[in-house]
Amino acid sequence: MDPARAQALAVSLGMPNIADTMPPFFHQIYFWDPVENAGLGRDGHPKVGQGIMPDMGLPRRMWGGGRLEFHTPVRLGQIAEKTSAVDKTTHKEGRSGPLGFVTLRHDIRQNNELCVTEYQDIVYLNDPAPDARPATPPMARSDGEILLERSFSSTDLFRYSALTFNGHRIHYDLDYCREVEGYDGLVVHGPLLAQTLMLLAERALGPLTSFEFRATAPALHGEHTAFCLGTDGAMWVRGPDGRQCMQAVARI
């Protein structure tokens, strides 16, 4: 676990220098599985149906949420092993058409000791119809403490995409965002929002034992977002119009 890579993410997130213990969720920038250009789909992701990711018969996919259990800290400068498997797959009918759901389980170990268990929820969906209206997003809670207010620039999104080796074009190709996937701007990575929430939770509450999050509406680059913590341990990301972009629960 190269310390220089973790330090690059820390700098990108505005964090101070980190010690030998990896902050929660930093494992996302490790364990790359590069795919040659011919193996990529139109969206910049590896084509469906190859590797571990199944083909759910739908053209678009995104990270919908996840659950993490932190058993023991991951140490920088030491070898780690990640094992991944498909936990379950389901199909559902949503308001905008068919949806596919895939849950992956990832286990990270060091010295034969389980450090992190992660369940990653991937959502598959159809292209938006030309005349489709965006779904009405849920509104965020207005109580709680605002731990951070910030926006993400296109440079922030580029850096996070580079560090996670994420080629999804919704994070850097504005024309693709608007013309193909129907977004008004570049989309802030769901894991980047979750990463920010986890770091804020650890700062406010102490070392985390688990964290659960679900993306509920896209946050776009340049938008002013608020990262909030409730007295009940719930967390959320609120967009400038009050919409809820993400909801989460942190446990210590």
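The values are calculated or read from the model by the stated rules, or taken from the named source; none is laboratory data. Here the structure is a predicted model, which means the values were calculated and not measured. Heads up, the Cβs are rebuilt from the backbone with ideal geometry, glycines too, and the neighbour counts pull from every protein chain shown. Remember, those area values only see protein heavy atoms, side chains included, never the ligands or the DNA or RNA. Shrake-Rupley method; radii C 1.70, N 1.55, O 1.52, S 1.80 Å.
Looking at the stretch 77-95, which of its residues are modelled with pLDDT of 95 or more and open to solvent by less than 30 Å² (accessible area, probe 1.4 Å)?
The answer is ALA80, and nothing else.
Among the residues of the stretch 96-104, are any open to solvent by less than 60 Å² (accessible area, probe 1.4 Å) and either basic (Lys, Arg) or more than 30 Å from THR136 (Cβ to Cβ) (or both)?
Taking every residue of the stretch 96-104 in turn, none turns out to be open to solvent by less than 60 Å² (accessible area, probe 1.4 Å) and either basic (Lys, Arg) or more than 30 Å from THR136 (Cβ to Cβ) (or both).
Can you go through GLU212, GLU223 and tell me which one is farther than 23 Å from ILE122 by Cβ, under 18 Å from the mean Cα position of the chain (by Cα) and among the acidic types (Asp, Glu)?
Numbers: GLU212 fails: farther than 23 Å from ILE122 by Cβ.
Residue meeting the stated conditions: GLU223.
Restricting attention to the stretch 149-193, which residues are touching a helix residue (DSSP H, G or I) at 6+ places or on another chain (Cβ under 9 Å), within 20 Å of GLY239 (Cα to Cα) and among the aliphatic types (A, V, I, L, M)?
Those that are touching a helix residue (DSSP H, G or I) at 6+ places or on another chain (Cβ under 9 Å), within 20 Å of GLY239 (Cα to Cα) and among the aliphatic types (A, V, I, L, M): LEU157, ILE170, LEU174, LEU186, VAL187, VAL188, LEU192.
Going through the stretch 26-50 one residue at a time, which ones are more than 21 Å from THR155 (Cβ to Cβ) and open to solvent by less than 70 Å² (accessible area, probe 1.4 Å)?
HIS27, TYR30, PHE31, VAL35, GLY39, LEU40, GLY41, ASP43, HIS45, PRO46, VAL48, GLY49
Residues that are open to solvent by 20 Å² or more (accessible area, probe 1.4 Å): find the strands (runs of 3 or more DSSP E) completely inside the stretch 177-252 holding 3 or more of those. Break it down into steps so the answer makes sense when it comes.
On the way: elements: 210-215, 225-229, 234-238, 244-251.
Strands (runs of 3 or more DSSP E) meeting the threshold: 210-215, 244-251.
Does GLY206 satisfy being among the small types (Gly, Ala, Ser), at pLDDT below 95 and in contact with a Leu (Cβ under 9 Å, 6 or more places away or on another chain)? Even if it seems obvious, please write down each step before you answer.
Values: among the small types (Gly, Ala, Ser): yes; at pLDDT below 95: yes; in contact with a Leu (Cβ under 9 Å, 6 or more places away or on another chain): no.
Taking the combined requirement at face value, the residue does not satisfy it.
Between ASP20, ASP2, which is in contact with a strand residue (DSSP E or B) (Cβ under 7 Å, 6 or more places away or on another chain), among the charged types (D, E, K, R) and more than 28 Å from THR216 (Cα to Cα)? Reasoning before the result, please.
Working: ASP2 fails: in contact with a strand residue (DSSP E or B) (Cβ under 7 Å, 6 or more places away or on another chain).
Exactly one residue qualifies, and that residue is ASP20.
For every residue, the table says whether it meets (1) in contact (Cβ under 8 Å) with a residue 24 or more places away in the chain; (2) of a type outside the set (Phe, Trp, Tyr); (3) in contact with an Asp or Glu (Cβ under 9 Å, 6 or more places away or on another chain).
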residue	(1), (2), (3)
ASP2	yes, yes, no
PRO23	yes, yes, yes
ASP43	yes, yes, yes
GLY51	no, yes, yes
PRO54	yes, yes, no
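For the stretch 144-163, give me each residue that is touching a Leu at 6+ places or on another chain (Cβ under 9 Å) and among the acidic types (Asp, Glu).
GLU145, ASP156
Would you check if ALA6 is under 20 Å from the mean Cα position of the chain (by Cα) and either of a type in the set (Ser, Thr, Tyr) or part of a strand (DSSP E or B) (or both)? Explain how you work it out, then say what you get.
Details: under 20 Å from the mean Cα position of the chain (by Cα): yes; either of a type in the set (Ser, Thr, Tyr) or part of a strand (DSSP E or B) (or both): no.
Judged against the criteria, ALA6 is not a match.
Can you list residue pairs whose Cβ atoms sit under 8 Å apart, with the first residue in the stretch 113-129 being more than 22 Å from VAL86 (Cα to Cα) and the second being surrounded by fewer than 19 Cβ atoms within 10 Å (Cβ to Cβ) and of a type in the set (A, V, I, L, M, F, W, C)? Count only pairs 6 or more apart in sequence or on different chains.
Final answer for the pair search is ASP127/VAL180.
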